[in-house]
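Here is the structure we will look at, set down as structure tokens.
The values are calculated or read from the model by the stated rules, or taken from the named source; none is laboratory data. Fair warning: this is a prediction, and the values are worked out from it, not measured in the lab. Positions of Cβ are generated from backbone atoms using ideal geometry, with glycine treated the same way; all protein chains shown enter the neighbour counts.
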Amino acid sequence: MKLRLLLALACLTTAACTTAEDGETQQVTLRLLAHDSFTPTDGIFDSFTKETGISVEIVRGGDAGTLVTKAVLASGNPEADVLWGVDNTLLSRALDANVFVPHMSVHRDDLDKTAVALAPNGEVTPVDSGDVCINYDKAWFAERNISPPLTLQALTSSTYRNLLVVPNPVSSSPGLAFLLATIAEFDDDWQTWWTAMRDNDVLIVESWSDAYYGHFTAASDGSRPLVVSYATSPPAEVLFADPRPTDAPTAVAARTCFRQYEFAGILRGTEHEQAAGLLIDFLVSPTFQNDLPLTQFVWPINTTAEVPREFLDYALRPENPLMIDPATIAARRAEWLDQFSDIMLR
Amino acid sequence: MTDPVLRPSLGRWAASVVVLWLSVFALLPLINITAGHVALDDVTRVLTQGSTWRLVWFSTWQAALSVMATFVVAAPVTWLIGRHQFRGRRALRAVTTVGFLLPSVVVATAFLALLPDSLHYSVLAVIMAHAYFNIAVIVRVVGARVELLDPQLSGAARTLGASPLVVLRTVTWPLTRGAVASAASVTFLYCFTSFAVVRVLGGPQRSTIESDIALRAFGIGDVGGATVLAFVQLAGIALVIGVIRLLAHGNVVHARAVSPVLPTLRQRYRTTAIAVALATTTFVAAPLFALLWRSVRVGNTLSLEAWRLLFDTSLVDSLWASARTALVAGALGVLLCILATIAIVRLRAGGRAIDALTLIPLAMSPVTLGLGLVITFDVGWFDWRAGWWFVAVAHTLVAFPLGVRVLVAAWRTTPVGMHHAAAVLGANSWRRLIDVDLRRLRPALVAALGLIVAVSLGEFGAASMLSRDGAETMPVAIARLLSRTGDEVRTQAFAMASLLVVVCVIALVTVEASLKRGEHARGR
Amino acid sequence: MLEVVDLTVKRGTRRVLDGVSLSVQPGERLAVHGPSGCGKTTLLYAIAGLVDIERGAIRISDRDVTTTPAHQRDIGLVFQDNQLFPHFDVADNVSYSLRVRGMAKRERRNVAEEWLSRFGLTGLAHRRVTELSGGEAKRVALARTMAGKPRVVLLDEPLTGLDDHLHEQLLADIRSVFDRLGTTVVHVTHDRAEGAALCHRSMDLAPLG
């Protein structure tokens, strides 16, 4: 009874809202739902608002996994107009639930082709990319005259026993990316590799920050000089340090990298589809893309964007990163995580 | 025999408001998510999985051990605070509350910084952190009851030949076991549903039901399975709380009407008292100093840069976001507490039902509750999903059960005679409620308010689950800063965490101070 | 039997008792008078071992009990506000000291019945103590103290607040029990007539400062 009353009231009010909206051409405010790591420069949307008359309100809703789960639950009745931050490991989950309205961006031809191909119908538009790789503490290896590992296979050698810390793939997005890297590298033999790593005393911790700031020798009092992190962690080490060192204290093993793309999309059910399309276009325009490297430590997806010098100096862009098709990831992720847990966590 | 002065009509009215609030904001979301996203297949799948029962088993035994550890840590200081008057008593009580107020992510991180490597990712670390959080529950709930025991009652037992141990067994325990059971239940609940502490300190190998719910819902996208697990958790909690209540059953005797003045600390307990106070303070302060230390250490150098950056950027917004959320949650929460308490003390069977009902939000998985709220309040005027005050509504659910426990304990000390006196003097039932119950219970009300505000200030789970426009609350901001790249950013997180401690302590001191004024006003 | 020498008690920095001495012979009943606030209750608590003393000595049958814990002094105290255990019924209250000494439950109930009848409380054994009248509660408190057969009984304003009729009756009952058992008593009261009616001898406790 109570439920029905609530629903009746709700219908009434929605109807009222819709007519009010149609009656006047008021200024549109778009809600941009983003994960907690979305940290553009303050005021970046001012030029967009000036040009189009559309204001942007940023709504934050947890990490990427939380966002996608909530978007799927609210499919067709979204709490915002545009979603920022679905990555290729989560993409299929969102696409299967029909969360987005397709949109072909005016900048589409300037965007990274591989990324665009992951959503060929334009349900989502790629916005940035990054790589998850083995990072190492340069000083640690130099002091001991050991050469850092260059490949995943090398890590199973007893030279690197007790040295690697990995965030849990079940709870951490870079952890999952790294698991996918090993699956891309070893195919059906990936479990053998992890078993060997377990015998080589790899440490699994809960989150990326636990790994990096709890155990990595270059960033904590920890004892592990090898960590799974981003290819853009070395420039962050430089740019966020005070005073700035001339050389990054850490480096990346280029052949261990898994590429992550992030996407933005118009949420199906929005009342401002057209305005939302304009916002997507802005997000992949050079104006916005130029801002990404130094505020969020990711690479722009727009090939015409200018990457700042200091970022280029320290960041590595692997040429042939490991990748797996999002549909395959979606189909097998639960199974893979289960198998991983069986080997490493039980 | 019904007392015409304490007619239950007011109680019934209060009960219906509480039931309505819980139905709309707790039950409806739960029903919605179950009806919409759980298939029969999910139920059989989850219940037949071996891993489910491993989760149940781990959640249970670590929580049981945590409760025991909490009592071990909290018993000495509860004895000290509850039985004795001494200088610095209020300060010591405030100190014991600090742990409870801190966001669990922050405490877990602080413990990680504090403990030697060999204890990282161990059950011992988890249990220590749980004890850290819950000292306050024991001190507040059991301490409040112990305080009301007339010290001369044990004096009477002593003159009749009972040794201190025998007094404890035959007098103190029977009169406090209700409070002990209540504190144990609440502590068990918190530890059983522990999330951040288990994930950060327990390591990936250990998972409670609650942390697995989050992994399923967000890591894998299995909302159905997560919801089934939420019910498993609810059932487990109901079972354990039932058992605890059964064990504590017996004639639970209510406190005397007038709380006696506590005796001053006796000379020969001085050394013990100082040792207890020092040990407790050290245990509480050590992780906080670890935080402070890390807020001024960037890499290997000392610097106040993080503090400067914090004041330059988002801090004020976050402070304001936290403050307004906490204030709204506090106001709504106290109102609910008062209503629930009226229902509990005025109604017989109904009162017991409300008493049990108010525990449910504590037992509900915040993840499931958050998801339920998101899919329930999503239409037209009821689309509250991104409203900042919706977080406050969620906080009332998380916090008011605690406030209710505080109020009920104090409320029961009002002698019926006082109501009769007011009635004879011409006060109607509303006036009596205000003049006799509420005015007299001002200290308890302030304490409940302080608790709710504090819980809201430190709450992370629901706040991170619900979206928000504008600034995020401090715990959410801290967690976000912690997960980002760059030493400077992380140092800011520790600075903000230190600041949150300061804000919580200020809130706490304000509460304690107003309690003191209240007591002076009553001629103590 | 009981000897108190130069007893001084401080509360904080304030003296509540200053150099009080008294002595009571076996079977003797001593009334202690004095205005309110002169430390009468504190004197009893000090003798019973419920407050720390600053200076002085307490001896019972020539044994120094100054540092003996309260439960080993063998001194009974009837509190002004009774301090009955709210979680026990009347019989369990009365037999508490026997329970502490390990007497079996059945035997204990019998002894309790005996004491209840001596104080005119027959039939109240299973009553909850919260349901007693003022006079009944005082009788239960007296019976509870006497059941343990202490060597000295301390009474703190035992008859205050009872109406005249009850007052007379209870006074007579107490006196007859004490006479029969030859109990040694220290009786604190502000009422000189009451002291004179129950006790053999009286002393005054001077107010401090």
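Looking only at region A:294-306, how many residues end up being in contact with a Pro (Cβ under 9 Å, 6 or more places away or on another chain) and touching a residue at least 24 places away in the same chain (Cβ under 8 Å)?
The qualifying residues number 9.
Can you pull out the residues in region C:1-44 that are among the acidic types (Asp, Glu) and in contact (Cβ under 8 Å) with a residue 60 or more places away in the chain?
Across region C:1-44, the qualifying residues are C:Asp18, C:Glu28.
Please give the number of the condition A:Phe263 fails out of (1) surrounded by 24 or more Cβ atoms within 10 Å (Cβ to Cβ); (2) over 20 Å from the mean Cα position of the chain (by Cα).
Here A:Phe263 clears every test but (2).
Counting only residues that are out of contact with any helix residue (DSSP H, G or I) (no Cβ under 6 Å at 6 or more places or on another chain), give me the strands (runs of 3 or more DSSP E) lying completely in region C:49-156 with at least 1 of them.
Output list reads C:55-60, C:152-156.
Is at least one residue of region A:238-251 acidic (Asp, Glu), surrounded by fewer than 21 Cβ atoms within 10 Å (Cβ to Cβ), under 19 Å from the mean Cα position of the chain (by Cα) and away from chain B (no Cβ under 14 Å)?
Taking every residue of region A:238-251 in turn, none turns out to be acidic (Asp, Glu), surrounded by fewer than 21 Cβ atoms within 10 Å (Cβ to Cβ), under 19 Å from the mean Cα position of the chain (by Cα) and away from chain B (no Cβ under 14 Å).
Scan (1) more than 8 Å from every other protein chain (Cβ to nearest Cβ); (2) part of a helix (DSSP H, G or I) for the single condition A:Asp210 breaks and write down its number.
Exception for A:Asp210: condition (1).
If C:Cys38 meets every condition in (1) under 12 Å from the mean Cα position of the chain (by Cα); (2) assigned to a loop (DSSP other than H, G, I, E, B) apart from one, which number is that one?
The number of the failed condition is (1).
Kindly check whether there is at least one residue in region A:173-195 that is assigned to a loop (DSSP other than H, G, I, E, B) and either more than 9 Å from chain B (Cβ to nearest Cβ) or among the hydroxyl-bearing types (Ser, Thr, Tyr) (or both).
For region A:173-195, residues assigned to a loop (DSSP other than H, G, I, E, B) and either more than 9 Å from chain B (Cβ to nearest Cβ) or among the hydroxyl-bearing types (Ser, Thr, Tyr) (or both): absent.
Which pairs do you get when a residue that is exposed (fewer than 14 other Cβ atoms within 10 Å of the Cβ), found in region A:138-167, comes within reach of a residue that is assigned to a helix (DSSP H, G or I) and aromatic (Phe, Trp, Tyr), reach meaning Cβ atoms under 7 angstrom, with the pair 6+ apart or on two chains?
From region A:138-167, the pairs are A:Ser147/A:Phe141.
B:Asn32 fails exactly one of the following numbered conditions: (1) in contact (Cβ under 8 Å) with a residue 60 or more places away in the chain; (2) touching a helix residue (DSSP H, G or I) at 6+ places or on another chain (Cβ under 8 Å); (3) within 30 Å of B:Val137 (Cα to Cα). What is the number of that condition?
The number of the failed condition is (3).
Give me the helices (runs of 4 or more DSSP H) completely within region A:222-311, filtered to those with at least 3 residues that are under 23 Å from A:Ala211 (Cβ atoms) and touching a strand residue (DSSP E or B) at 6+ places or on another chain (Cβ under 7 Å), ordered by residue number.
Output list reads A:233-239.
Which residue, of A:Val106, A:Val101, A:Val82, is touching a residue at least 40 places away in the same chain (Cβ under 8 Å), surrounded by fewer than 21 Cβ atoms within 10 Å (Cβ to Cβ), under 15 Å from A:Phe263 (Cβ atoms) and away from every other protein chain (no Cβ under 12 Å)?
Result: A:Val101 is the single residue among A:Val106, A:Val101, A:Val82 that is touching a residue at least 40 places away in the same chain (Cβ under 8 Å), surrounded by fewer than 21 Cβ atoms within 10 Å (Cβ to Cβ), under 15 Å from A:Phe263 (Cβ atoms) and away from every other protein chain (no Cβ under 12 Å).
Take the conditions more than 14 Å from B:Leu500 (Cβ to Cβ), within 14 Å of chain C (Cβ to nearest Cβ) and at pLDDT 85 or above and apply them to B:Ala273. Does it pass?
yes
Report, by residue number, each residue of region C:157-166 that is without any contact (Cβ under 8 Å) to a residue 24 or more places away in the chain and part of a helix (DSSP H, G or I).
Correct list: C:Asp164, C:His165.
Matching residues to (1) under 24 Å from the mean Cα position of the chain (by Cα); (2) at negative phi:
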residue: A:Ala181; (1), (2): yes, yes
residue: A:Ala196; (1), (2): no, yes
residue: A:Asp201; (1), (2): no, no
residue: A:Arg224; (1), (2): no, yes
residue: A:Arg255; (1), (2): yes, yes
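If you go through region B:219-239 one residue at a time, do you hit one that is under 26 Å from the mean Cα position of the chain (by Cα), within 8 Å of another protein chain (Cβ to nearest Cβ) and either under 27 Å from A:Leu203 (Cβ atoms) or part of a helix (DSSP H, G or I) (or both)?
No, region B:219-239 has no match at all.
Quick one: which residue in A:Arg309, A:Arg255, A:Arg198 is more than 22 Å from A:His107 (Cβ to Cβ) and without any contact (Cβ under 8 Å) to a residue 40 or more places away in the chain?
Only one candidate passes the filter, namely A:Arg309.
Inside region C:116-163, can you point out the residues that are among the polar types (S, T, N, Q) and either buried (at least 16 other Cβ atoms within 10 Å of the Cβ) or within 12 Å of chain B (Cβ to nearest Cβ) (or both)?
C:Thr130, C:Thr145
If you take the residues in region B:96-152 that are within 14 Å of chain C (Cβ to nearest Cβ) and outside any loop (DSSP other than H, G, I, E, B), which one is farthest from B:Ala286 (Cα to Cα)?
Top of the filtered list is B:Gln152.
Among the residues of region B:72-89 satisfying the criterion of being closer than 16 Å to B:Ala179 by Cα and of a type in the set (Gly, Ala, Ser), which is surrounded by the most Cβ atoms within 10 Å (Cβ to Cβ)?
Per the stated criteria, the residue is B:Ala74.
Select from region B:189-206 the residues that are crowded, with 24+ Cβ neighbours inside 10 Å, at pLDDT 85 or above and not β-branched (Val, Ile, Thr) and write down the one among them that is farthest from B:Leu114 (Cα to Cα).
Among those that are crowded, with 24+ Cβ neighbours inside 10 Å, at pLDDT 85 or above and not β-branched (Val, Ile, Thr), it is B:Phe192.
Restricting the first residue to region B:222-233 and requiring it to be closer than 11 Å to B:Val38 by Cα, which pairs with a second residue that is of a type in the set (A, V, I, L, M) and not in a helix (DSSP H, G or I) meet a Cβ separation below 7 Å and a spacing of at least six or different chains?
Between residues of region B:222-233 that are closer than 11 Å to B:Val38 by Cα and residues that are of a type in the set (A, V, I, L, M) and not in a helix (DSSP H, G or I), the close pairs are B:Gly224/B:Val38; B:Gly224/B:Ala39; B:Thr227/B:Val38; B:Val228/B:Val38.
Which residue pairs have Cβ atoms closer than 7 Å, lie 6 or more positions apart in sequence or on different chains, and pair a first residue in region C:169-182 that is at positive phi with a second residue that is surrounded by 13 or more Cβ atoms within 10 Å (Cβ to Cβ)?
Taking only residues 6 or more apart or on different chains, the pairs are C:Gly182/C:Gly27.
Give me a count of the residues in region A:50-70 that are more than 9 Å from chain B (Cβ to nearest Cβ), closer than 22 Å to A:Gly122 by Cβ and either assigned to a loop (DSSP other than H, G, I, E, B) or out of contact with any helix residue (DSSP H, G or I) (no Cβ under 6 Å at 6 or more places or on another chain) (or both).
Final tally of qualifying residues: 2.
Out of (1) in a helix (DSSP H, G or I); (2) surrounded by fewer than 21 Cβ atoms within 10 Å (Cβ to Cβ); (3) modelled with pLDDT under 80, the odd one out for B:Val502 is which?
Exception for B:Val502: condition (3).
Quick one: what pairs do we get from region C:112-132, first residue under 13 Å from C:Phe88 (Cβ atoms), second assigned to a helix (DSSP H, G or I) and basic (Lys, Arg), C-beta under 6 Å, 6+ apart or different chains?
none
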